[in-house]
Amino acid sequence: MWKLYRQEMKRILRTRSTLLFLAATLALSAFMAWVPVTYERYTYEENGRKITIEGPEALARKKQMEAPSAGEVTPQKLAEGLSYYHKNLEIYGDFYNEDFPLTLKVQEIYPWRPLLQRLHEAMADPVSGLAPEYTDISAEDALAFYDRCQSHIADLMRMEQKDNPQAQRTAVRMYEKVKMPFYYYPGYGSNMTEYEGMYLFLLMFLCMMITAPLFCCEYQTGADDILRSTRHGRKRLALVKILAALSIGIAAFIPCMFLFQIISNSLFGWECRQTSMQILFSVVSLLDLNVGELQNLIMLSGFITLLASICFTLFLSAACRNTTIATGLTIAFALLPTLFYMLIGGILGSYLRVLLPSGALGGNNAFLYALTDFEFLKAGPLSVWTPWLLLAVPALEIPLFLWLTVRTYCRRSM
Amino acid sequence: MELTLEHVSKQFKERKNRKTAVDDISLQLGPGVWGLLGANGSGKTTLMRMICGIMKPTCGRICYDGVSIDDLGDAYRDVIGYLPQEFGFYPEFTVQQYLEYIAALKGLTDKQARLKIDELLTRLSLEEVRRKRITRLSGGMKRRVGIGQALLNDPEFLVLDEPTSGLDPGERVRFRNLLSEFAHNRIVLISTHIVSDIEYIATRNAIMKNGSILQTGSTQELVVQMEGKVFEAAINPHDLSRWEQKVQVVNVRNEADGSVSLRYLGNPDDIPQARPQEPRLEDLYLELFPRR
């Protein structure tokens with residue numbers, strides 16, 4: 001078995017397209033980890049001139065600027081930030097007033113913005129869901145921030161899941177487990193986790209492309225007849241091919257994600273991993289996670305999705321008679337969750353994408369967005385939060401598609 | 001050592017119809033070279049694939065030494081070597097790497113594989129190209145690599161589907177000699193539509209048409225029925241097309257004196273002054289698969 005596995009690995013790794021795709025996964029991991037830092041901009045005033053800097057330098061200046069809000073998000077800190085807002089809004093009316101000096105914004109408004117945005121969100125009206133003006137939020141409100149968070153999730157779920165009291169209860173129960181106070185460390189933006197999801201999609205796509213020809217190219221070239229007439233050319237070869245495809249997927253995933261995490265966290269600062277998800281995304285995010293744990297959960301989801309997608313692609317490859325059809329279907333199935341989200345949407349679109357092995361990766365349908373959402377899908381008598389389904393369904397599909405692959409390959413030509 | 005086919009048939013679904021590719025074939029193959037002769041589309045490849053266990057018969061049974069090949073499973077695949085008509089090489093592999101890969105599939109140990117590959121590369125005159133990518137080899141060399149992979153497990157039963165297609169005459173002769181040498185105490189089944197490939201080396205032949213075996217026997221036994229049916233006559237070259245309309249032409253040869261010698265199947269009085277000829281397998285083939 002291992003000898004055959006070694007030979008199969010050698011064969012796959014000698015293929016030019018495989019090497020090209022593997023090189024692309026590694027190059028893209030560095031590129032995708034670096035891109036978000038290029039979006040960083042910092043504008044300040046010097047001698048009456050507005051100067052904008054970009055990239056790592058802008059990031060460093062921003063971190064410096066937001067330093068007062070770093071660390072534990074205490075109600076006192078929120079109240080202090082709010083007092084600066086109130087003081088300046090009293091003078092200038094709103095933040096977009098042309099007379100509002102940029103230097104003052106940099107000193108008194110922007111440093112508190114990441115925290116006050118969350119306060120603003122938590123203070124939303126319980127019935128309409130609309131957030132009040134900053135001037136309508138009092139220091140007392142700021143001091144009661146964490147209590148407001150608890151009541152806000154209940155209000156929000158009443159609005160989002162009107163007809164699903166079970167989902168409302170589940171969400172509130174989940175939120176009760178979120179540890180408070182929150183923490184914030186400046187630097188890391190939400191687009192960084194979006195890029196992690198996007199990169200995982202590309203990684204999955206490239207691994208699927210490596211996998212797509214594994215069985216069907218043998219049918220296409222006629223090599224299959226020779227393989228099937230050998231002692232180990234059936235079930236064992238099918239298992240070896242599966243093992244080889246999964247090994248390549250895992251071997252691509254580990255170093256690429258390691259490189260991605262090293263680059264992104266080094267660029268944005270390792271301390272940012274302690275920032276609470278509730279400050280980065282939404283104050284009522286249901287999971288008790290900091291950024292580091294969130295990165296790991298996205299990676300776990302990506303890993304399961306990657307394995308499930310590879311298994312599904314192997315099944316397609318075993319079932320298709322040539323590489324063109326298998327590759328075409330692979331591309332289609334990789335994009336289908338995104339298309340379902342965009343074209344069908346709603347509960348039906350969610351069910352369809354959750355059922356697909358690649359459902360957790362893509363555009364707006366990605367796992368990260370599901371984590372920040374409050375969508376519950378009914379599975380029998382249960383209402384299950386979509387991210388749990390996005391983790392569980394592909395995990396269950398891995399053995400299913402492995403079995404189907406072996407069965408399809410062994411029964412072919414019979 | 002005997003392969004037995006008992007009422008073997010294979011049908012394929014073609015849209016709404018069922019097409020019979022192999023129709024109720026019963027055959028017993030013993031040691032020696034067996035030639036399976038038939039025109040393209042006569043069902044040879046389907047029969048070969050069933051014999052190799054790649055395809056299951058719709059009905060009937062194939063047994064090796066009295067045991068169904070389905071029941072034998074791995075044990076059967078251990079004793080067969082198969083060279084399909086068209087087969088894909090992996091473009092990234094050299095000759096040696098390809099043979100190592102197939103050796104692993106055939107369950108050879110590293111040591112066995114090394115020794116066998118060295119031996120086969122020498123026997124097949126492929127030593128010099130062992131580190132060359134297969135895609136860069138000539139058609140004949142690729143075919144020899146194909147034969148090499150079929151021989152890796154030292155098979156008791158070798159199945160070759162159109163093994164000489166694409167080979168030049170010299171390579172064909174070399175190939176025939178190699179098979180004759182190898183066939184001692186083994187069953188070698190060669191399917192072909194090129195009569196000369198098997199005429200002189202086949203112990204027995206089976207002639208296949210429209211999925212059925214029409215005749216079996218040694219070359220001598222088969223050609224006996226053609227006695228008195230093969231003639232040669234010298235004709236005027238201008239009359240060639242006229243005679244081609246009237247008789248089944250086997251061969252046309254231009255002579256030094258400007259006339260044309262016509263070998264044909266028919267009666268002595270079809271063409272004036274026709275002389276009887278010793279029949280060959282090719283004559284029988286043309287009788288069974290007429291060109292007209």
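Odds and ends about this structure:
- Residues whose amide H lies under 5 Å from that of B:GLN248, counting only those 5 or more places away or on a different chain, are B:LEU265; hydrogens are built 1.01 Å from N in the peptide plane.
- Relative contact order (percent, whole number), chain B, Cα cutoff 8 Å, 6+ residue spacing: 21
- Projecting the Cα atoms of B:GLY88, B:GLY139, B:PRO237 onto the charge dipole of chain B (Cβ charges, centred on the Cα centre) puts B:GLY88 farthest toward the positive pole.
- Cross-link partners of A:LYS87 among lysines, defined as those whose alpha carbon lies under 28 angstrom from its own and excluding same-chain residues fewer than eight positions apart: A:LYS50, A:LYS62, A:LYS63, A:LYS77, A:LYS105.
- Angle between chain B longest axis and helix B:139-151 axis [Cα atoms, degrees, rounded to 10]: 50
- Ranking of A:TYR199, B:TYR90 by count of other Cβ atoms within 10 Å, fewest first: B:TYR90, A:TYR199
- Distance from the alpha carbon centroid of region B:211-281 to that of region A:142-206 works out to 91 angstrom.
- When +1 charges are put on Lys and Arg Cβ atoms and -1 charges on Asp and Glu Cβ atoms, the dipole computed for the protein assembly as shown relative to its Cα centre reaches about 1920 debye.
- Value at 222 nm in deg cm²/dmol, rounded to 500, when DSSP H runs of n ≥ 4 in chain A each add -39,500 (n - 2.57): -21500 deg cm²/dmol
- Karplus (6.51, -1.76, 1.60) ³J(HN,Hα), θ = phi - 60°, over region B:132-138, in Hz, Gly and Pro reported as x: 8, 5, 4, 4, 8, 8, 6
- When each of A:SER229, A:SER83, A:SER69 is scored by the number of other beta-carbon atoms lying within 10 Å, the sequence from fewest to most is A:SER83, A:SER69, A:SER229.
- As a proxy for reagent exposure, A:ILE304, A:ILE344, A:ILE51 were ordered by neighbouring Cβ count within 10 angstrom, fewest first; the result is A:ILE51, A:ILE344, A:ILE304.
- Under Karplus coefficients 6.51, -1.76 and 1.60, residue-wise ³J(HN,Hα) of region B:161-172 in Hz, glycine/proline x: 9, 6, x, 9, 5, x, 8, 7, x, x, 5, 4
- Peptide A:215-224 - average C-beta neighbours from other chains (10 Å radius): 3
- Neighbour count of at most 14 Cβ within 10 Å plus DSSP loop: longest GluC sites (Glu not before Pro)-free window in chain A: A:134-414
- Electrostatic dipole magnitude of region A:1-47 [Cβ: Lys, Arg +1; Asp, Glu -1; Cα centre; debye, to 20]: 880
- Amide H partners (placed H, <5 Å) of B:LEU214, local residues excluded: B:ILE207, B:MET208, B:LYS209
- Tensor-based shape of region B:3-223 (alpha-carbon gyration tensor, a/c under 1.5 rounded, otherwise prolate or oblate): prolate
- Cleavage-rule hits (trypsin sites (Lys or Arg not before Pro)) in region A:141-204: DSSP loop, at most 11 neighbouring Cβ within 10 angstrom: A:LYS162, A:LYS177, A:LYS179
- Prolate/oblate/rounded label for region A:96-215 (Cα gyration tensor, a/c 1.5): oblate
- Rounded to 5, the percent of DSSP beta bridges in region B:3-223 classed as antiparallel: 50
- Filtered chymotrypsin sites (Phe, Trp or Tyr not before Pro), region A:33-69: DSSP coil and at most 15 other beta carbons within 10 Å: A:TYR39
- Given charges at Cβ of Lys, Arg, Asp, Glu: region B:104-191 dipole, positive-most of B:GLY170, B:VAL129, B:GLN112: B:VAL129
- Dipole magnitude of chain A, debye to nearest 20 (Cβ charges: Lys/Arg +1, Asp/Glu -1, about Cα centre): 3220
- Mean partner shielding of peptide B:90-99, defined as the number of other chain Cβ atoms within 10 Å of each residue Cβ, is 3.
- Checking every one of the chymotrypsin sites (Phe, Trp or Tyr not before Pro) in region A:256-325 against DSSP loop status and a limit of 12 other Cβ atoms within 10 Å picks out no site at all.
- Cross-link pairs B:LYS44/B:LYS132; A:LYS10/B:LYS106; A:LYS10/A:LYS235; A:LYS3/B:LYS44 - those with Cα-Cα distance over 25 Å: B:LYS44/B:LYS132; A:LYS3/B:LYS44
- At full extension, A:GLU80 and A:TYR39 could sit 11.8 nm farther apart than now, given 0.36 nm per residue minus the alpha carbon distance.
- Amide hydrogen proximity for B:SER68: with H placed 1.01 Å from N in the peptide plane, no residue at 5 or more positions away or on another chain lies under 5 Å.
- Converting phi to 3J(HN,Hα) with the Karplus coefficients 6.51, -1.76 and 1.60 and the offset θ = phi - 60°, region A:88-97 yields 6, 5, 5, 7, 9, x, 9, 5, 8, 4 Hz in sequence order, with x at every glycine or proline.
Readers should treat all values here as calculations from the given coordinates under stated rules, not as data from a laboratory. These numbers were taken from a predicted model, which means no experiment stands behind them. FYI the Cβ positions are ideal-geometry reconstructions off the backbone, even for glycines, and counts take in every protein chain you see.
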